[in-house]
Amino acid sequence: MVYPGKNHKQYETPKRRFEKSRIDDENRLVIEFGLRNKRELWKAQSTLRRYRRAARDLLALKSSVTDEALIARKEDELLGHLAKYGLLPEGAGIGDVLAMKTENELERRLQTVVYRKGLARSPKQARQMITHGHVAVNGRKVTIPGCRIRKSEESEVVYYGNSPFTGEAHPERGRIMSGGRQ
């Protein structure tokens, strides 16, 4: 029996350690999204794997169980959760869950949202700004770059109230606004 409060691994490592095509894909994603290490990528892949497994279980349930209300409720629950986090559009179906890519999950990280909104020049700078406490979500300071941002919270990602980046006179702010060419 396992103690329920005990921390457990949130990711699964690859089966083949030295597969060149997988390593190349992982390196591309680590650079593109500014991840610290491959463990962060593997966590995103494991989360995606759980969503796909739930979708496959729903498809299997549709073929075996005749309780349409139960199936519809579970399907709405899964699709609603994915739509709330912006992983899928509102009218998506189970097939769209199975077609999701790792990039969809990585796009919802706070680090990526800060970079895409133009609050930082690069994903690495976005990560540093978050860990140093310069970014807030809904007015609350968030210092976790891997925090998943809901679709409704995306517009609320701003510089933290007393951060030096809130002032227009900050020299780095000018570089960020000009795209880093100063």
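Given an 8 Å cut-off on Cα distances and at least 6 residues of separation, report the relative contact order of the chain as a percent.
Rounded, it is 17 percent for the chain.
Given a cut-off of 18 Å, name the pairs among LYS38/LYS124; LYS9/LYS84; LYS43/LYS101; LYS15/LYS124; LYS117/LYS151 whose C-alpha atoms lie farther apart than that in the structure shown.
LYS9/LYS84; LYS15/LYS124
Using only the alpha-carbon atoms, how far is helix 38-64 inclined from the longest principal axis of the chain? Give it as 0 to 90 degrees, nearest 10.
30
Taking R0 as 30 Å, what's the FRET efficiency between ILE144 and ASP76 from their Cβ-Cβ distance, rounded to 0.05?
After rounding, the FRET efficiency stands at 0.55.
Which GluC sites (Glu not before Pro) does the range 86-175 hold that lie in a coil by DSSP with at most 15 other beta carbons within 10 Å?
Counting only loop positions with at most 15 other Cβ atoms within 10 Å, the GluC sites (Glu not before Pro) in the range 86-175 are GLU90, GLU168.
Exposed loop trypsin sites (Lys or Arg not before Pro) only (DSSP loop, at most 15 other Cβ atoms within 10 Å): please give the longest stretch of the chain free of them, not including the sites.
Looking at the chain, 37-100 is the longest stretch - no exposed trypsin sites (Lys or Arg not before Pro) with at most 15 other Cβ atoms within 10 Å.
Against the longest alpha carbon principal axis of the chain, how many degrees, from 0 to 90 and to the nearest 10, is the axis of helix 68-84 turned?
10
Tell me the mean residue ellipticity at 222 nm calculated for the chain from its helices only (DSSP H runs of n ≥ 4, each -39500 (n - 2.57), averaged over every residue, nearest 500).
Per the formula, -15500 deg cm²/dmol.
No lab work stands behind these numbers, since they all come straight from the coordinates. Given the structure is predicted, the values throughout are model-derived calculations rather than measurements. All Cβ positions, even for glycine, are placed from backbone atoms using ideal geometry, and neighbour counts span all protein chains on display.
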